[in-house]
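Visitor: Would you mind keeping the following structure in view while I ask a few things?
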Amino acid sequence: MKEYLKKNGIRMGIVVFAVALLIGLGRVARSDEISLFQNVTGIVRAPLQKVLGSVVNWMDTMYGFIFEYDSLVAENESLRTQLADAQESARDGIEASEENVRLRRLLNLREAHADYVLESSKIVLWSSSNWASAFTISKGASSGIEFGDPVITEYGAVVGQVTEVGETWATVSTLIDVDMSLGAYVGSSGSSGMVIGEFGFMREKLAKLTFLADGAQIFMGDEVLTSGSGGAFPAGLIIGTITNVQTEEGGQIEYGVVQPQVDLDSLVQVFIIKDFEVVE
């Protein structure tokens, strides 16, 4: 309102002057001393009254507009606040529902693998490097997490492995990372091999099944599981599915293209296996 008066002060001054002039002319006109002057004031007064009436109506309209505008601004701000609160409540509800689903699946995993000592953790930061597939979790050595610990989802799918540990944080390299490798076998045939990360596959969020035993046969759609060889991972965890079978350039050696079971883009929480029973 102050800004409005500042911009329109001159106009309002003219209106006030016109009102004063009309009042003065009116007083003079009521006296019968000078009839000529009375005629002149009658001629001048009529258009001025019209102008003054228009100005007064305009000011009434502007006042109503300004008052209504302020009310609309306040109402709009209130609605924005209510909408933000509703959206936050909806997000909290969705997160709580997803958390319940993860906990139920984790309960099933614990029942199936009573030997697993698990630690849950949230993902706090993904690596920004184009040459690695890794993320940081919110727990570390103070929670009993160690270098080399396997990392899985709540339904037992392989995510990766702990490759760096701090006191309250740790880095997890995913199974498609270029430095990752883990013993594997193909569920349908039992053929053993290694699932490794390669840069070309990593960019497509895929991994490579290679170093297959002589005579091994693999097919599209075969499920790939951890073999437990080397003792880094428990046996029987789900790695993924073979989506393509190819031959190395210039040779007869076959390898499989593996689509990980885990959807890395949707991960928000993981489970670290701090200890498990190694089956000889």
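The values are calculated or read from the model by the stated rules, or taken from the named source; none is laboratory data. Keep in mind it's a predicted model, so treat the numbers as computed, not measured. Here the Cβ is made from the backbone with ideal geometry for all residues, glycine too, and neighbour counts use every protein chain on show.
Visitor: Given the criteria in a strand (DSSP E or B) and modelled with pLDDT of 90 or more, does G193 qualify?
Guide: On the way: in a strand (DSSP E or B): yes; modelled with pLDDT of 90 or more: yes.
So G193 passes the test.
Visitor: A follow-up question, please. Do we find that E146 is modelled with pLDDT under 95 and assigned to a loop (DSSP other than H, G, I, E, B) in this structure?
Guide: Numbers: modelled with pLDDT under 95: no; assigned to a loop (DSSP other than H, G, I, E, B): yes.
Considered against the rule, which asks whether it is modelled with pLDDT under 95 and assigned to a loop (DSSP other than H, G, I, E, B), E146 comes out as no.
Visitor: Could we say that F219 is closer than 28 Å to D115 by Cβ and in a loop (DSSP other than H, G, I, E, B) here?
Guide: Working: closer than 28 Å to D115 by Cβ: no; in a loop (DSSP other than H, G, I, E, B): yes.
So F219 fails the test.
Visitor: Just the residues that are over 27 Å from S121 (Cα atoms), in a loop (DSSP other than H, G, I, E, B) and out of contact with any Asp or Glu (no Cβ under 8 Å at 6 or more places or on another chain), please, taken from the range 199-212.
Guide: Correct list: F211 only.
Visitor: A follow-up question, please. From the list D179, D265, pick out the single residue that is assigned to a helix (DSSP H, G or I), acidic (D, E) and surrounded by fewer than 18 Cβ atoms within 10 Å (Cβ to Cβ). Steps first, please.
Guide: Numbers: D179 fails: assigned to a helix (DSSP H, G or I).
Result: D265 is the single residue among D179, D265 that is assigned to a helix (DSSP H, G or I), acidic (D, E) and surrounded by fewer than 18 Cβ atoms within 10 Å (Cβ to Cβ).
Visitor: Shifting gears a bit: Pick from the range 207-224 the residues that are at pLDDT 95 or above and aliphatic (A, V, I, L, M): which of them is farthest from G187 (Cα to Cα)?
Guide: This residue is A207.
Visitor: Tell me yes or no: at least one residue of the range 136-154 is acidic (D, E), in the same structural domain as D222 (by TED's automatic domain parsing) and free of Cβ contacts under 8 Å to residues at least 40 places away in the same chain.
Guide: Pass one, the range 136-154, residues acidic (D, E): 146, 149, 154.
Now drop any that are not in the same structural domain as D222 (by TED's automatic domain parsing), which leaves 146, 149, 154.
Checking the rest, the ones that are also free of Cβ contacts under 8 Å to residues at least 40 places away in the same chain come to none.
So far as the range 136-154 goes, no, none of its residues is acidic (D, E), in the same structural domain as D222 (by TED's automatic domain parsing) and free of Cβ contacts under 8 Å to residues at least 40 places away in the same chain.
Visitor: Now, a different point. Quick one: is I238 crowded, with 21+ Cβ neighbours inside 10 Å, at pLDDT 90 or above and closer than 30 Å to E119 by Cβ? Working first, answer last.
Guide: Values: crowded, with 21+ Cβ neighbours inside 10 Å: no; at pLDDT 90 or above: yes; closer than 30 Å to E119 by Cβ: yes.
Criteria not met by I238.
Visitor: Taking the options M194, M220, name whichever one is assigned by TED's automatic domain parsing to the domain that holds D263, more than 30 Å from the chain's Cα centre (by Cα) and touching a residue at least 24 places away in the same chain (Cβ under 8 Å).
Guide: On the way: M194 fails: touching a residue at least 24 places away in the same chain (Cβ under 8 Å).
Answer to the selection: M220.
Visitor: Which of (1) within 27 Å of G230 (Cα to Cα); (2) modelled with pLDDT of 95 or more does T168 not meet, given it meets every other one?
Guide: (1)
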